[in-house]
Amino acid sequence: MDKCFFCQVQSQSQQVIWNSDKLFAIYDSYPVSPGHTLIVPKRHVANLNEITDDEWNEVKIGINELSKLHQTSALKEIYTNFIKAEISDESAWFCNKALKHPRLNTKPDGYNHGVNDGRAAGRTVDHVHWHMIPRFDGDMIDPRGGIRYVIPEMGNYKIPRK
Ligand SMILES: [Zn+2]
């Protein structure tokens, strides 16, 4: 059986931006915003409820360390390299958007964190991974609701409804 994407990529040192005992992190090649990061267990486990206590503790450490890394990482070079690697036309589109972002390599004003836990929740690679999506003031007209927008019409609970 072929190894899944996350099982393969963890041995590619040029892609891995952070390592701990049980986890590693890479930049998403389809970044929602500059610095969009994936924190991934080294073990091949599909679901969030398979994560051990030790792995959970390292997620916490990773979030802290990666949020500092986002400000010093060579994001311009990283996204340029993703485009050169011709991962896909879609990846190039997302990387170009990130490169043109006015806040590339500045401290994010917030983060959305999340796991697509199961195919019904939008997971496309069956190896659990934690999305860490930097957010910047003004990147949406009204960001209230955040990850509630996984189902768009359910996002903003401040909109008056009948
Ligand atoms: Zn895997």
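Points to keep in mind about this one:
- Neighbour net charge for Ile51 - beta-carbon separation under 13 angstrom, K R +1, D E -1: -2
- Qualifying GluC sites (Glu not before Pro) in the range 72-162, DSSP loop, other Cβ atoms within 10 Å at most 10: Glu86
- Global geometry of the range 5-154, whether rounded, prolate or oblate, following the gyration tensor of its Cα atoms and the 1.5 cut on a/c: rounded
- Packing rank of 128-139, 46-57, where each peptide gets the mean count of other beta carbons within 10 Å, highest leading: 128-139, 46-57
- The label-point distance for Thr106 and Asn156, in a model that sets each label 7 Å from Cα toward Cβ, rounds to 2.4 nm.
- Chain lengthening between Asn49 and Val32 when straightened (0.36 nm per residue, less Cα-Cα): 3.6 nm
- Relative contact order (percent, whole number), the chain, Cα cutoff 8 Å, 6+ residue spacing: 25
Only the coordinates and a few stated rules stand behind these numbers; no lab work does. Note that the structure is predicted; figures quoted are calculated from it, not measured. Positions of Cβ are generated from backbone atoms using ideal geometry, with glycine treated the same way; all protein chains shown enter the neighbour counts.
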